[in-house]
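Engineer: Pasting in a structure now, in structure tokens, and then I'll have a few things to ask.
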Amino acid sequence: MIEYTIRPMRHEEIDEIANLIAAGYGDDIYFKWVVESDKDRHEIITNYYKAYFQAKGHVTHVAETPSKKIIGATLWLPHDMESSVYDEIDRVAGDYKDRFRAVSDNSHMSEPPMTPFYQLVGFVVVKEAQKQGIGAALLKHQIDHLDKLGIPTYLEASTPYYGGGAYGKFGYQPVGELMVFAENAVLYPLWRPASKAQQVEFGGFTWRVIETRKDKLLLLCDNVIEPAKYHDVFEDITWSGSSIRKHLNGSFYHSLSPLDKLEILETQVTNGDNPWFGTYGGEPTTDKIFLLSIEETVRYMGSNDLQKNPDNMFYIDDELNKLRKSSFTDGSPSRWLLRSPGNAPDFVSVVTVDGRISVTGDFVNRSSSDLFSVGIRPAMWIRNLHENAEGRD
């Protein structure tokens, strides 16, 4: 069996991954219809996928061996991709642009009328690595992430669907009408509703399960539980010395019942530097309760893209903003604090009321007010009680 790991594609790998996907689709009956010329097909399909890699919110993962060879990839796009990408596809498709446009127009008619969802548009495993579960693992990697966010997925298969295969195992079902372009060029629209996001009641609050391991669960409070400031004084500070860390692991922790406190696990918390500005994040800490970092917020509630956008120097602003929006329990919207520093040592990163991640951040001693609400959504690891119960049976 081939050893491999799955990770996000790096920006400098765009050419390599576009070529890899194009090679995988070179003999695909649908792409043979779209680009009839055997001589032109690989180059046009490669450039077609490069255009997709320009789309805001795209999510691309690769399977990589220990020797750093990439043996598979998946590319997912948000449903409401900006129109400029289609203009770029027109340009690179040349004489075949009408056929590419016909496909995109039919896709919009077959897609379910709901939002948001992600579409699988590129999926390849190199021939020598096939039939080893790598393709299923690549699909599962993103599907599991989207399930936690409650986001469904859609795809258009180029081979007939009979309920089996990789897609059937993940619960995809036919939707809409077949997309028939020629006798041998048919796409089969498939839809997969998201599994219901898991929530638990704990300590008198509702929590969202954002990661599940065999013996433990990572919880994020579903609401902003209280107004708060990161630190009492305007000064250079990191998570380890912050007032909010002292509050969460002190008075908030001790407000929970003795039985609840027994289920909370001590966690070694890594406090990375600000990913855009390099502001020092501080020493690792050991905490019962903590705030998410920028990286964790992107990992669990974003598109896995931490690259700085030259068109937006202040925020991570993607298709999943609405999933990061939060409010107090009375429904009033609120910003919520992260533990990562902002663009200076006396600033802290926050998630805005519209769900953007402010990487530049705000004053560490910013108080919540009627005009500028800001609070906390605690996170913690607890024992996986379900697994523990099964182990006792």
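Engineer: Please compute the volume of the convex hull spanned by the alpha-carbon atoms of segment 320-365 and report it per residue in Å³.
Structural biologist: Working: hull volume 3.2 nm³, N = 46.
Value for segment 320-365: 70 Å³ per residue.
Engineer: Note the listed values (1) 21.3, 68; (2) 24.5, 82; (3) 23.1, 71, then indicate which one is Rg and Dmax of the Cα atoms in Å calculated from this particular structure.
Structural biologist: For Rg and Dmax of the Cα atoms in Å, the calculated option is (3).
Engineer: Have a look at segment 149-227 and give its Rg and Dmax from the Cα atoms, expressed in angstrom.
Structural biologist: When restricted to Cα atoms, segment 149-227 yields Rg and Dmax of 19.1, 62 Å.
Engineer: What ranking of Leu149, Leu291, Leu20 emerges when the number of other C-beta atoms within 10 Å of each C-beta is taken as an exposure proxy, fewest first?
Structural biologist: Details: Leu149 19, Leu291 27, Leu20 22.
So the residues, fewest neighbours to most, are Leu149, Leu20, Leu291.
Engineer: What is the Cα centroid distance between segment 233-247 and segment 49-97, reported in whole angstrom?
Structural biologist: Value for the Cα centre distance between the two parts: 41 Å.
Engineer: What ranking do His141, His254 get, fewest neighbouring Cβ atoms within 10 angstrom at the top?
Structural biologist: Details: His141 17, His254 9.
Ranking His141, His254 by Cβ neighbours within 10 Å, fewest first, gives His254, His141.
Engineer: If you don't mind, there's one more thing I want to ask. Let me make sure I get this right: for segment 5-192, a, b and c are the square roots of the gyration tensor eigenvalues over alpha carbons, sorted descending. Under 1.5 in a/c it's rounded, otherwise prolate if a/b > b/c, else oblate. Which is it? Intermediate values should be presented prior to the final figure.
Structural biologist: Details: a/c = 1.31, a/b = 1.08, b/c = 1.21.
Since a/c stays below 1.5, the shape of segment 5-192 is classed as rounded.
Engineer: Give the span of segment 199-387's Cα atoms along each principal axis, as three whole-Å numbers ordered largest to smallest.
Structural biologist: For segment 199-387, the Cα extents along the three principal axes come out at 47, 35, 34 Å.
Engineer: Calculated from DSSP H runs of 4 or more alone, at -39500 (n - 2.57) each and per residue, what is the 222 nm mean residue ellipticity of the chain, nearest 500? Mind dumping the intermediate values first?
Structural biologist: Values: 12 runs with 108 residues, N = 393.
So the helix-based figure for the chain works out to -8000 deg cm²/dmol.
Engineer: If you don't mind, there's one more thing I want to ask. What order do you get for Phe372, Phe363 when you list them from fewest to most C-beta neighbours inside 10 Å? Don't skip to the answer; put the middle values down first.
Structural biologist: Details: Phe372 12, Phe363 15.
Result, fewest neighbours first: Phe372, Phe363.
Engineer: About the Cα centre, and with charges only on the beta carbon of Lys, Arg (+1) and Asp, Glu (-1), how big is the dipole of segment 5-192? Nearest 20 debye, please. Please list the in-between numbers first.
Structural biologist: Working: 19 positive and 26 negative charges, 149 e Å.
My answer is approximately 720 debye.
Read-outs: derived from the displayed coordinates by stated rules, not from any lab. The structure displayed is predicted, hence computed values, not measured ones. So basically every Cβ, Gly included, is an ideal-geometry build from the backbone, and we count neighbours across all protein chains shown.
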